[in-house]
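Notes follow the structure.
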Amino acid sequence: MKVECGHAYRCWPAKKIAFPMESTFPTLWMVSLHGVAINYFVYNFIKIHSTLRVTPAMAAGVTTRLFDVMDLVKLLVESETRAA
């Protein structure tokens, strides 16, 4: 492979290397969206806030019970089995 050097500190291959961005970008996007959704669930349904002394979902009247991490795991497993 031919290397072009304009200056001594900048050398790069003349041929551009093709990365498979078409296939990896949607996958990375979906993984980050799932991470954001899990963080929102934990923040609103699992974490007790000191100023409210309850979860935000309980304060808003969405639920009356405190969720646990195992509830989140059960929801994730159920959604995966429904999707398959």
Can you pull out every residue in region 29-67 that is surrounded by 11 or more Cβ atoms within 10 Å (Cβ to Cβ) and not in a helix (DSSP H, G or I)? 47, 48, 49, 52, 54, 55, 62, 63, 66, 67
Of the residues in region 49-84, those that are of a type in the set (Gly, Ala, Ser) and modelled with pLDDT under 95 number 4
Cβ-Cβ under 8 Å, sequence separation 6+ or interchain: first residue in region 68-81 and assigned to a helix (DSSP H, G or I), partner exposed (fewer than 11 other Cβ atoms within 10 Å of the Cβ) and at pLDDT below 95. Which pairs? none
With the first residue restricted to region 31-54 and required to be within 15 Å of residue 74 (Cα to Cα), and the second required to be among the aliphatic types (A, V, I, L, M) and at pLDDT 95 or above, Cβ contacts under 6 Å at 6 or more apart or on different chains are 45/57
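The values are calculated or read from the model by the stated rules, or taken from the named source; none is laboratory data. It should be emphasised that the depicted structure is a prediction, and the values quoted were computed from it without experimental measurement. Positions of Cβ are generated from backbone atoms using ideal geometry, with glycine treated the same way; all protein chains shown enter the neighbour counts.
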